[in-house]
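One structure follows; several queries about it will come next.
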Amino acid sequence: MSQSPAKQVWIEIHKEAHHFSCAHFTIFSATERENLHGHNYSVQARAQCTIADTGLCFDYNELKKMIEDVCDSLDETTLVPALSPYVSIRHEEDYVCVDFADETMKFLLRDVKVLDVRNVTVEELANWFIANLTSTQEFQTLSIIRFELSVSSGPSESATATWTP
């Protein structure tokens, strides 16, 4: 009996728990930004992998838990872009102060998540998620050949980032 060649498949993961609600403002220039507002974001992922002799690619629960943990870390926060050339971030006691143009926005420290992004947009968030997930030891142990992750801010706006080892 001959052994069949390795088969590759895409595993798609989209759970109700893969969402987060947060506030943000998009920056358009050195002097123009949106007002602070919120979104209910959702995250979906696709992993290309080879089916092992066991009939499985990997334990999906591990990847689902990783995505859920990242979503939970962002939930009910105000997201601030640390890499924006137009924003200055400083700490004053229990506050995060965000300077933009001639404005200062003051947030309670516990309500803010400063992200290594240039702007808080779906395209930057998709890449931020990919970078955070794929850099972990847990992700590296999964037999993933290609990974795609989409972040959606509603039914009409989403962005997908891709990772290959």
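How about region 117-155: which of its residues are of a type in the set (D, E), within 29 Å of D59 (Cβ to Cβ) and at pLDDT 95 or above?
The answer is E148, and nothing else.
Now a separate question. Of all residues in region 28-47, how many are outside any strand (DSSP E or B) and either surrounded by 19 or more Cβ atoms within 10 Å (Cβ to Cβ) or not acidic (D, E) (or both)?
6
Look at D102 and say whether it is farther than 14 Å from A45 by Cβ, open to solvent by 20 Å² or more (accessible area, probe 1.4 Å), within 19 Å of the chain's Cα centre (by Cα) and charged (D, E, K, R).
no
Sticking with this one: For region 67-76, indicate whether the set of residues that are in contact with a strand residue (DSSP E or B) (Cβ under 9 Å, 6 or more places away or on another chain), farther than 21 Å from E148 by Cβ and open to solvent by 80 Å² or more (accessible area, probe 1.4 Å) is non-empty.
Yes, because at least one residue in region 67-76 is in contact with a strand residue (DSSP E or B) (Cβ under 9 Å, 6 or more places away or on another chain), farther than 21 Å from E148 by Cβ and open to solvent by 80 Å² or more (accessible area, probe 1.4 Å).
May I pose another question? Go through region 131-165 residue by residue and tally those that are more than 27 Å from F100 (Cβ to Cβ), free of Cβ contacts under 8 Å to residues at least 60 places away in the same chain, among the hydrophobic types (A, V, I, L, M, F, W, C) and in a helix (DSSP H, G or I).
So the count comes out to 0.
Being under 30 Å from Q8 (Cβ atoms), of a type outside the set (S, T, Y) and surrounded by 19 or more Cβ atoms within 10 Å (Cβ to Cβ) is the requirement here; does W128 meet it?
When the stated conditions are applied, W128 passes them.
On to the next question. Quick one: which of V80, V96 is buried (at least 19 other Cβ atoms within 10 Å of the Cβ) and free of Cβ contacts under 8 Å to residues at least 24 places away in the same chain?
V96
The values are calculated or read from the model by the stated rules, or taken from the named source; none is laboratory data. Note that the structure is predicted; figures quoted are calculated from it, not measured. All Cβ positions, glycine included, derive from the backbone under ideal geometry; neighbour counts span all protein chains shown. Heads up: the accessible areas ignore ligands, DNA and RNA and are worked out on the full protein's heavy atoms, side chains in. Shrake-Rupley method; radii C 1.70, N 1.55, O 1.52, S 1.80 Å.
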